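The next block holds one structure in the form of structure tokens; read it before the comments.
The values are calculated or read from the model by the stated rules, or taken from the named source; none is laboratory data. What you are looking at is a predicted structure, and each value in this text was computed from that prediction instead of being measured. Reconstructed Cβ throughout: ideal geometry from the backbone, glycine too, with neighbour counts over all protein chains shown. The area values use the complete protein model at the heavy-atom level, side chains included, leaving out ligands, DNA and RNA. Shrake-Rupley method; radii C 1.70, N 1.55, O 1.52, S 1.80 Å.
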Amino acid sequence: MAHLFNRNVLLGVTGGIAAYKSAELIRQLQERGARVRVIMTGAAQEFITPLTLQALSGNPVHTDLLDAEAEQGMGHIELARWADLLVVAPATADLLARLVAGRADDLLTTVALATPSPILLAPAMNQQMWRDPATSRNVATLLERGMKMIGPAEGLQACGDIGPGRMEEPATIAEAAEALFESGILSGKRVLITAGPTREALDPVRYISNHSSGKMGYALARAAAEAGARTILVSGPVRLDTPEHVERVAVNSAQEMLEACMARLTDCDIFIGCAAVADYRPAEWQSEKIKKSDQEMTLRLVRNPDIVASVAAAEPRPFTVGFAAETNNVIEHAREKLLRKRLDMIIANDVSDERIGFNSDFNAATVLWPEGEQALPQASKENLARQIIALVAGQLPVVN
Ligand code: C5P
């Protein structure tokens with residue numbers, strides 16, 4: 001499987017002669033499954049036009065920090081959050097120095113400061129500039145801060161010199177990017193995930209439901225599959241494509257969701273209950289459309305089964321993960337739910353924050369397990385899902 005599948009790669013291009021190779025790098029990243037957006041510095045635009053990189057990446061190229069129109073489209077903070085990886089190729093001596101200084105006086109350096117994601121640098125410069133102690137120190141500092149570096153390669157340079165300083169070949173840079181995501185942390189595991197809302201039918205045309213988009217559950221399924229797990233997604237009705245390498249089982253009601261899950265529990269290693277299951281269903285289902293008559297109408301509802309708690313009560317049971325959407329005392333309520341439902345892990349969301357949650361592409365959460373917890377700051381649901389999968393993998397019981 002391409003390890004950059006579905007990854008958002010932000011490519012920073014700075015002003016060096018190797019900038020022309022960035023065009024090929026975009027293709028190489030895309031061939032490995034990445035979505036690519038490009039930031040160019042002013043100097044980079046002297047070597048290659050934004051139009052070329054826009055055509056290849058299929059997205060407008062970002063060039064300015066203080067362009068109100070561009071900021072309205074995708075601002076610098078959104079870009080920084082969008083990126084699962086920032087690759088700077090070529091990275092000039094000047095860019096390295098500015099990263100060391102923590103400058104934020106253009107779009108690329110600002111995004112580099114603002115992104116929580118890994119940064120991969122492909123330096124390119126004259127061999128003497130590369131060997132200069134100032135550059136060596138800058139490189140050491142950036143590596144110490146956790147940035148990754150690929151190259152430079154040795155050979156004939158555009159200036160006629162021979163030595164280290166050539167940008168690595170695009171395919172090698174793309175491979176290095178790919179290697180950062182190699183995970184396989186759930187290989188051989190079977191994962192069952194519920195997602196989306198449930199629909200509780202009143203009659204042939206009406207139902208009770210909720211606004212769950214299913215995005216978080218689908219992102220988790222994608223992340224689990226990427227981590228090498230055999231993944232089944234039991235999904236209520238949503239408008240989302242099934243992620244690659246994921247088996248989807250479509251259901252409507254909570255009862256159907258419960259049955260679909262229980263029938264697939266054998267051999268299941270991990271269960272993640274992400275669905276917004278309706279707590280109640282109509283006590284009776286009318287086979288004919290209900291006619292309006294009186295000014296008032298009373299609906300009698302009965303409790304639905306708690307799916308995640310039923311899974312946690314099964315014997316043997318998988319490692320069971322639930323969600324807790326709360327509006328106040330988020331952590332306290334989540335920990336109470338962790339115990340009451342006998343879960344192994346719970347992911348707590350503050351749903352009073354309108355910028356994240358239900359229909360948003362972003363989310364923030366605190367993951368709790370019996371002996372610990374970890375806050376995951378706001379990120380794309382895709383990014384958050386990968387972090388959750390990594391935490392789940394870390395908490396799995398060790399089997400000898
Ligand atoms: O109790 P509450 O609805 O807040 O719990 C949320 C968690 O329980 C989520 O993981 C949700 O998927 C799961 N749940 C369930 N079946 C229900 C209600 C909630 O699996 N009937």
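Within the stretch 371-382, being open to solvent by less than 30 Å² (accessible area, probe 1.4 Å) and touching a helix residue (DSSP H, G or I) at 6+ places or on another chain (Cβ under 8 Å) holds for Leu376, Ala379, Ser380, Lys381. I need the full set of residues from the stretch 208-234 which are in a strand (DSSP E or B) and either closer than 12 Å to Leu192 by Cα or out of contact with any Pro (no Cβ under 9 Å at 6 or more places or on another chain) (or both), in order please. Scanning the stretch 208-234 gives Arg230, Thr231, Ile232, Leu233, Val234. Picking from residues in the stretch 343-359 that are part of a loop (DSSP other than H, G, I, E, B) and in contact with a Phe, Trp or Tyr (Cβ under 6 Å, 6 or more places away or on another chain), the one that is farthest from Lys215 (Cα to Cα) is Asp344.
Residue count for the stretch 220-248, restricted to those that are within 15 Å of the ligand (Cβ to nearest atom) and open to solvent by less than 20 Å² (accessible area, probe 1.4 Å): 6. Entry remark, the stretch 279-310: residues being buried (at least 19 other Cβ atoms within 10 Å of the Cβ) and within 7 Å of the ligand (Cβ to nearest atom) number 2 in total.
The residues of the stretch 249-278 that are closer than 16 Å to Arg190 by Cα and either away from the ligand (no atom under 16 Å from the Cβ) or without any contact (Cβ under 8 Å) to a residue 12 or more places away in the chain (or both), listed by number, are Ala263, Thr266, Asp267, Asp269.
In this entry, Glu69 passes the filter for residues that are assigned to a helix (DSSP H, G or I), more than 23 Å from the chain's Cα centre (by Cα) and surrounded by fewer than 18 Cβ atoms within 10 Å (Cβ to Cβ). Considering the stretch 360-398, the residues that are within 16 Å of the ligand (Cβ to nearest atom) and in a strand (DSSP E or B) include one that is farthest from Ala219 (Cα to Cα), namely Trp369.
Looking across the stretch 319-343 at every residue that is away from the ligand (no atom under 12 Å from the Cβ) and under 24 Å from the mean Cα position of the chain (by Cα), the one that is surrounded by the most Cβ atoms within 10 Å (Cβ to Cβ) is identified as Phe319.
The residues listed here are Glu154, Glu178; of these, the one that is open to solvent by less than 50 Å² (accessible area, probe 1.4 Å) and among the charged types (D, E, K, R) is Glu178. Does the stretch 1-21 contain at least one residue that is surrounded by fewer than 22 Cβ atoms within 10 Å (Cβ to Cβ), aliphatic (A, V, I, L, M) and in contact with a Lys or Arg (Cβ under 6 Å, 6 or more places away or on another chain)? Yes, the stretch 1-21 has at least one match.
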